[in-house]
Amino acid sequence: MNDIKLALLGSEGAGKSAVLVRFLTRRFIGEYASNTNSLYHKRLSIDGRQLNLEVFDPCSEQSSEARCILEEPVDWADGFVVVYNISDRSSFIRAKNILLQIREARVDNCKGDVEVPVCLVGNKQDLCHIRQVCEDEGRCLAQENHCNFQEVSAAESYQDIGNLFTQLIRQVMEHLKYRADRRRYSGSKSMAKLINNVFGKRRKSV
């Protein structure tokens, strides 16, 4: 059984916890503030494969401290969901900063493995009548950061949220397989080189 680890990031009021609970339980919860980090577990099946999913939801109150929310999840997570509120431009700017921090942190800590799967999510689509961030802005930001993009409403629909998590988990599985294959290939090349060096030296000494 595969283990998949996701981190959910966004500013206070973006509704990231509501998005997550909607995915995990299909139910909508109203906005609530939590002063603790939360780790959720769910077993699910995707494309016939059984998965253990862990999702880290850090406390939103930490968002005023630029890098605090990324200290734990950036090294731990296999993929990220970055949430902003389409009716709050400041949350969009925060999401932009988070995407930049993810890339910078991956370069610093993960030996250049920056293409970690990420989904940028514009939440509260039901508030489009007071929208401050147009859909094209979100799409362009996602393209700039090589990540998926989707607008959703945690209050109104499970289907869109379920689809975005399923798509991201598929990407994570492909990414983990690619990394494992690359390590095996690198290891086999190193072994072949070692064997060639050993036996090559022996042939020369005969």
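The values are calculated or read from the model by the stated rules, or taken from the named source; none is laboratory data. If you're wondering where the values come from, they're calculated on a predicted model, not measured in any experiment. A quick note on method: Cβ atoms are made from the backbone with ideal geometry, for glycine too, and the neighbour counts reach across all protein chains shown. Surface areas here come from the heavy atoms of the whole protein model, side chains and all, with no ligands, DNA or RNA. Shrake-Rupley method; radii C 1.70, N 1.55, O 1.52, S 1.80 Å.
Scanning the stretch 118-145 for residues that are within 15 Å of Ile98 (Cβ to Cβ) and not β-branched (Val, Ile, Thr) yields a count of 9.
Annotation note: Cβ proximity below 8 Å between a residue of the stretch 36-61 that is within 14 Å of Ser17 (Cα to Cα) and part of a helix (DSSP H, G or I) and a residue that is modelled with pLDDT under 95 and open to solvent by 70 Å² or more (accessible area, probe 1.4 Å) (sequence gap 6+ or interchain) occurs for Ser60/Glu12; Ser60/Ala33; Glu61/Glu12; Glu61/Ala33; Glu61/Asn35.
Sub-6 Å Cβ pairs linking a first residue in the stretch 126-145 that is free of Cβ contacts under 8 Å to residues at least 60 places away in the same chain to a second residue that is open to solvent by less than 50 Å² (accessible area, probe 1.4 Å) and of a type in the set (Ser, Thr, Tyr), at least 6 apart or interchain, are Asp126/Ser153; Leu127/Ser87; Ile130/Ser87; Arg131/Ser87; Gln132/Ser87, ordered by first then second residue. Selection within the stretch 90-130: residues that are open to solvent by 80 Å² or more (accessible area, probe 1.4 Å) and of a type outside the set (A, V, I, L, M). The member of this set that is modelled with the lowest pLDDT is Lys111. Restricted to the stretch 147-170, and to residues there that are in contact with a strand residue (DSSP E or B) (Cβ under 8 Å, 6 or more places away or on another chain) and among the acidic types (Asp, Glu), the residue that is farthest from Arg131 (Cα to Cα) is Asp160. Restricting attention to the stretch 9-31, the residues being in a loop (DSSP other than H, G, I, E, B), among the polar types (S, T, N, Q) and free of Cβ contacts under 8 Å to residues at least 40 places away in the same chain number 0.
Taken over the stretch 133-185, residues that are aromatic (Phe, Trp, Tyr), in a helix (DSSP H, G or I) and open to solvent by less than 60 Å² (accessible area, probe 1.4 Å) amount to 1.
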